[in-house]
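The values are calculated or read from the model by the stated rules, or taken from the named source; none is laboratory data. These numbers come from a predicted model, not from an experiment. Cβ atoms come from the backbone with ideal geometry, glycine included; neighbour counts cover every protein chain shown. Surface accessibility is based on the protein's heavy atoms, side chains included, excluding ligands, DNA and RNA. Shrake-Rupley method; radii C 1.70, N 1.55, O 1.52, S 1.80 Å.
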Amino acid sequence: MRTLALLLLCASGAACAVDDALVLRCRALPDTARRLACYEALPVAPPAEQRFGAKRLEQKVDGEPAAIRSTVRGHLDGWRYGTRLTLANGQVWRVVDDVDTVLPDLVDPAVRIERGALGAYYLQLEANNSAARVVRVK
């Protein structure tokens, strides 16, 4: 059933990581169980949250949410231009504001990253009003 839904999504023009050659290879298998296993192993596009901010890493990002929430891993006592922040979801963001921000020592602080005007992204600490313009690097 999952495979059928995936194939219908791909046929409707949704972003898919499956190319025609892989689907044709699966379709050619005569044994039903092996054919199903082949379809189940086809790669799929990552969830929308994992694509968030990846516009700089990829040419086109469809279905990107307006914002995400996560936590910064470890201790955070501030940032300045070039500071890299690793989120709990594995994404890495770099501060591109030219302002030094000093914070009380926070451990795994909750953050929200949202899209701004002209392709900008802003990281906002949920504990206070501190925010910085960021770009995704991983």
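Counting residues in region 85-100 that are modelled with pLDDT under 85 and either out of contact with any Cys (no Cβ under 6 Å at 6 or more places or on another chain) or at negative phi (or both) gives one or more. Looking only at residues of region 105-130 that are open to solvent by 50 Å² or more (accessible area, probe 1.4 Å) and at pLDDT 90 or above, we find that the one that is nearest to ALA66 (Cα to Cα) is GLU114.
For LEU6, state whether it is of a type in the set (A, V, I, L, M), surrounded by 11 or more Cβ atoms within 10 Å (Cβ to Cβ) and either at pLDDT 70 or above or in a strand (DSSP E or B) (or both). So LEU6 does not fit the description; no. Inclusion of GLY82 among residues that are part of a loop (DSSP other than H, G, I, E, B), out of contact with any Pro (no Cβ under 6 Å at 6 or more places or on another chain) and open to solvent by less than 90 Å² (accessible area, probe 1.4 Å) is warranted.
Are any of the residues in region 91-99 part of a strand (DSSP E or B) and among the polar types (S, T, N, Q)? No.
Do the conditions hold for PRO47, that is, is it open to solvent by less than 90 Å² (accessible area, probe 1.4 Å), more than 15 Å from the chain's Cα centre (by Cα) and modelled with pLDDT under 80? Criteria not met by PRO47.
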